[in-house]
Amino acid sequence: MIPTFTLLIFQLAHTVEHTTFPKANIESNKIENEWAIHQVNTTANFATHNRLVSWLVGGLNFQIEHHLFPKISHVHYPAVSKIVRQACADHGIQYIEFRRVHTAIASHVTYLKHLGRAS
């Protein structure tokens, strides 16, 4: 059984406003974007300037960097995130980050409400 704390981390990293859930092309069974862009589009960071949160979640608040560089130690994510953020800006890719945990939770709740209203 996965602890509730772990579920919260993944909800804040994936099921929030601005992340996308692209569907594969029916004929080719492929997703339009290349792998790295897909990772950035479907993932969000939260509370990346909060050392306590980073410590408690083992760096998983840097979820974008975790997806792009899973074999790099999380202690390097703050430095790597600056590079990734700039690369996204250079290429017109939205880098999704919520400055605080409560902002990410609010976005998650808003997104769930949106899903509940969708037909």
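The values are calculated or read from the model by the stated rules, or taken from the named source; none is laboratory data. Predicted model, so just to flag it, every value in this text is computed and none were measured. All Cβ positions, even for glycine, are placed from backbone atoms using ideal geometry, and neighbour counts span all protein chains on display. Each accessible area value is taken on the protein alone, full model and side chains, heavy atoms only, with ligands, DNA and RNA left out. Shrake-Rupley method; radii C 1.70, N 1.55, O 1.52, S 1.80 Å.
Can you spot a residue in the range 41-51 that is out of contact with any Lys or Arg (no Cβ under 8 Å at 6 or more places or on another chain), at pLDDT below 95 and among the small types (G, A, S)? No. Taking the numbered list (1) touching a Leu at 6+ places or on another chain (Cβ under 9 Å); (2) surrounded by fewer than 19 Cβ atoms within 10 Å (Cβ to Cβ); (3) polar (S, T, N, Q) in turn, N29 passes all entries but (1). In the range 42-53, the residues that are without any contact (Cβ under 8 Å) to a residue 40 or more places away in the chain reach residues that are open to solvent by less than 20 Å² (accessible area, probe 1.4 Å) and among the polar types (S, T, N, Q) with C-beta atoms within less than 8 angstrom, at least six apart or across chains, in these pairs: T42/T19. Taken over the range 57-98, the residue count meeting the criterion of being farther than 20 Å from T15 by Cα and hydrophobic (A, V, I, L, M, F, W, C) is 10.
Do we have any residue at all in the range 36-52 that's open to solvent by 60 Å² or more (accessible area, probe 1.4 Å), under 14 Å from the mean Cα position of the chain (by Cα) and aromatic (F, W, Y)? Scanning the range 36-52 turns up no residue that is open to solvent by 60 Å² or more (accessible area, probe 1.4 Å), under 14 Å from the mean Cα position of the chain (by Cα) and aromatic (F, W, Y). Restricting attention to the range 73-103, and to residues there that are assigned to a helix (DSSP H, G or I) and small (G, A, S), which single residue is least open to solvent (accessible area, probe 1.4 Å)? Among them, the one singled out is S81. Selection of the range 59-104 for residues being in contact (Cβ under 8 Å) with a residue 60 or more places away in the chain and of a type in the set (A, V, I, L, M) yields I96, V101, A104.
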